[in-house]
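For reference, the structure discussed in these notes is given below.
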Amino acid sequence: MKPDFLRYSCQIALPGFSEDGQRRLQNSRVLVVGAGGLGCPAAQYLAAAGVGTLGIADSDTVSLNNLHRQILYAPADEGKKKVLLACERLQQQNPDIQLVPHDLRVTSQNIMELISHYDVIVDGTDNFDTRYLLNDAGVLAGKPVVYGAIYQFEGQVAVWNIKNENGTKSPNYRDVFPQVDAAQIPNCAEGGVIPTLAGIIGCMQANEVIKYITQTGNLLAGKVLVFDAQTMQSRVIKIGDVTQTHISRLIETVAIPTISADELKALLLDAAIQLIDVRSEEEREDFNIGGEHVPMDEIENYRDRFDIGTKTVFYCASGARSAEAVKIIKKKYPGANVFSLGGGLKSWTIV
């Protein structure tokens, strides 16, 4: 065995793996989008397994409420760029691979160029816009996307857009979820997530990448694995062998205007500004910063009476639902002077 393969001897010994499989890993290029709860464990095991070039894309910084599930970071890292920290620590873990940090927000303007340098895309994102964008870009570029999602105690894993033997492609995200109303689905910060689930699902994603590259085992293509961390039960749902969707272009990424808690506090001192709380009644009763209460399920109707002449800030717990509210208003009134409170009320209470 070659000296540079000694660290991989246990996986090389696997039936059907061999040094050929390790060489495939060594020559592969994998992009992990999102250096959070899923991206951290996925990237850590891909680096340990010897993926030759590992790219990580993220524009976020570390916050304390990330640490229970994002295991590459420590309290001293608060405020630092996730992608730079992740690459630094993974390089220490395996000095023989190439780590490529992409400190950027993935958009319709940069996604095709970004993924053109990689063989496989790992979806570690936490919002539906980026998830659909990765899916669509993968389809257009003819590249597989390894999907993972977590919420509370449940996780999902699948592999999209695999080329079948007859030349057709396996189902993709839009075959299973043609359209998701993101406004009605809380993210991890709002709905909660058990930290171990992030590790389990992220490792499953890494496992699917390794299987794909080394051509071993049966991929989760044409099916979705659903895992319940409370019962420790899993089931695989068959969704078909061939995609039924046609994707011809990317949906343009819409920039959501945001305002920081500091900026909003300053504005409230001397400016006429409208605040709108899009959370539930229970959340509002627990704590609010004033303004009108328009829950997310009423935003569509509310926009018909929206005053476009008033500077308006929507807010929620984390900034996710308020961003969706801004998007809805902007869709009808592109010139409306509307903002989402960046970081939500969590940022309001710590500034």
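Structural remarks
- At most 14 other Cβ within 10 Å, DSSP loop - chymotrypsin sites (Phe, Trp or Tyr not before Pro), region 287-351: PHE287
- One way to sum up the overall shape of region 1-144 is the equivalent ellipsoid from its Cα gyration tensor, whose semi-axes run 26, 20, 12 Å, largest first.
- Scattering curve values for region 224-351, log₁₀ I(q)/I(0), Debye with Cα scatterers, q = 0.09, 0.14, 0.16 Å⁻¹: -0.38, -0.72, -0.82
- Solvent-accessible area, 1.4 Å probe, carbon plus sulfur percent, for region 213-311: 46
- Given 12 as the ceiling on other Cβ atoms within 10 Å, longest exposed-site-free region of the chain for GluC sites (Glu not before Pro) in DSSP loops: 1-164
- Alpha-carbon spread of region 104-157, three principal axes, descending order, Å: 35, 20, 16
- Modelled this way, with points 7 Å down the Cα-to-C-beta line, the labels at GLN92 and ASN65 are 2.8 nm from one another.
- Only DSSP H runs of four or more residues enter the estimate; each adds -39500 (n - 2.57), and after division by the residues of the chain the mean residue ellipticity at 222 nm equals -9500 deg cm²/dmol.
- For HIS293, residues with placed amide H under 5 Å, excluding near neighbours: ASP277
- Looking at region 70-160, the DSSP beta bridges with both ends there are about 70 percent antiparallel.
- Of the trypsin sites (Lys or Arg not before Pro) found in region 157-263, the ones in coil according to DSSP and having at most 12 other Cβ atoms within 10 Å of their Cβ are ARG249.
- Counting only DSSP beta bridges whose two residues both lie in region 205-331, roughly 50 percent are antiparallel.
- Hydrodynamic radius of region 200-264 per Kirkwood, over alpha carbon pairs, in Å: 16.1
- Taking every DSSP bridge with both residues inside the chain, close to 40 percent are antiparallel.
- Isotropically averaged projected area of the chain, using the convex hull of Cα atoms (one quarter of hull area), nm²: 19.2
- Directionally averaged projected area (convex hull, Cα atoms, region 262-326), nm²: 4.6
- For the chain, built as a Gaussian network whose Cα springs stay under 10 Å, the top-fluctuating residue of VAL338, VAL33, VAL254: VAL254
- Under 5 Å, built H, 5+ apart or other chain: amide partners of THR253: SER108, GLN109
- Among VAL254, THR196, LEU269 - extreme Cα towards positive end, dipole of region 190-271, charges at beta-carbon: THR196
The values are calculated or read from the model by the stated rules, or taken from the named source; none is laboratory data. Not measured: the values here are computed from a predicted model. Every residue, glycine as well, gets a Cβ built from its backbone with ideal geometry; the counts of neighbours run over all protein chains shown. With ligands, DNA and RNA removed, areas are computed over all heavy atoms of the protein, side chains included. Shrake-Rupley method; radii C 1.70, N 1.55, O 1.52, S 1.80 Å.
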